[in-house]
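One structure is given below, encoded as structure tokens.
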Amino acid sequence: MATWIITGCSTGLGRSLAAAVLEAGHSAVLTARKPESLEDLVQAHPDTALALPLDVRDHAQVVEAVRAGQERFGPLDVLVNNAGYGYRSALEEGDPDEVAQLFATNLFGAVDMIQQVLPGMRERGTGTIVNISSIAGRTSQPGSGYYSATKFALEGASDALSKEVGPLGVRVIVVEPGGFRTDFAGRSLTQSAQPIGDYADTAGLRRKENDTIHGRQPGDPDRAAQAILTAVASDQPPLRLLLGSDALRRAEGELAAQRAEIDAWREVTISTDYPD
């Protein structure tokens with residue numbers, strides 16, 4: 001059995017994953033800004049569950065969560081960077097302070113967790129880092145530019161990280177969910193305060209007040225949790241794991257469109273080389 005540390009466990013995919021990890025017999029350090037929301041999981045698994053307060057934007061809390069988890073269970077085998085939230089705004093509408101907090105949570109908080117856990121994994125020559133991205137980390141939509149930017153950045157960092165730590169025995173998995181029936185599009189979704197009328201038919205259609213998908217997403221977070229467990233247990237896990245039929249459709253469509261565009265502009269692309 002392994003020891004996991006998971007961020008953002010209070011609701012949604014993080015909570016489903018926390019429950020699945022514990023039910024599978026693993027030990028788990030469960031973190032949330034309000035750890036009392038995890039008390040039922042701790043009571044059900046008193047010997048293998050530890051709930052800790054953690055806002056991933058707070059470096060001191062990150063350091064303490066990793067330290068306390070190691071003190072309780074020993075080496076940390078699996079890190080899951082799940083903490084994050086959505087933000088909807090046309091690019092022009094975005095508030096700089098809100099965007100900075102979005103990046104602090106979705107990107108830099110994950111990087112801080114990685115930096116705290118990696119030394120032990122490197123020393124042991126084993127470990128798995130799971131970064132929860134999104135299909136929005138492959139292709140963006142109007143109104144999701146800033147959120148996608150955090151996920152594109154997380155995926156770029158994860159791609160490089162996999163090449164840096166793979167030879168050292170540490171694996172990296174990027175999880176790309178589509179729409180799942182969680183609180184992501186409800187309480188966890190924020191947006192710019194001042195909409196601009198010219199974007200009503202693009203970014204505006206995806207603002208919270210116009211959202212028609214919340215509660216009807218196709219994805220089941222409990223099944224997603226089992227898929228992540230399967231990937232972590234695999235001898236050859238994928239670098240990128242799509243979750244959900246909608247994510248698969250969007251990824252395949254984006255790849256086809258990119259291929260067509262590359263082919264259409266091939267001659268212009270190669271025309272920029274020095275002549276032989």
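The values are calculated or read from the model by the stated rules, or taken from the named source; none is laboratory data. What you are looking at is a predicted structure, and each value in this text was computed from that prediction instead of being measured. Methodologically, a virtual Cβ is constructed for each residue, glycine included, from the backbone with ideal geometry; neighbour enumeration extends over all protein chains shown. Calculation scope for accessible area: heavy atoms of the full protein, side chains included, ligands and nucleic acids excluded. Shrake-Rupley method; radii C 1.70, N 1.55, O 1.52, S 1.80 Å.
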Margin query: Tell me the net charge near ALA18. Cut-off is 13 Å between Cβ atoms, ALA18 excluded, with +1 for each Lys or Arg and -1 for each Asp or Glu.
Written below: -3
Notebook entry, point to check: What number comes out for the charge environment of THR3, summing +1 per Lys or Arg and -1 per Asp or Glu over other residues with Cβ under 11 Å away?
Noted result: 0
Check: When the accessible area of the chain is split by element with a 1.4 Å probe, what percent falls to carbon and sulfur?
Finding: 53 percent
Next item on the list: Would you indicate which of [x] 123; [y] 163; [z] 138 is the value of volume of the Cα convex hull per residue in Å³ derived from the coordinates of this structure?
Entry: [y]
Item checked: Nearest 10 degrees, 0 to 90: helix 145-165 Cα axis against the chain principal axis -> 60 degrees
Next item on the list: Using only Cα atoms, tell me the angle between helix 221-233 and the longest principal axis of the chain; keep it within 0 to 90° and round to the nearest 10.
Entry: 80 degrees
Margin query: So, for the chain, what is the accessible surface per residue at a probe of 1.4 Å, expressed in square angstrom?
Written below: 50 Å²
Next item on the list: Could you tell me what percent of the DSSP beta bridges with both partners in the chain are antiparallel, to the nearest 5?
Entry: 0 percent
Check: Where does each of 7-17, 232-242, 121-131 land if you order them by average Cβ count within 10 Å, highest first?
Finding: 7-17, 121-131, 232-242
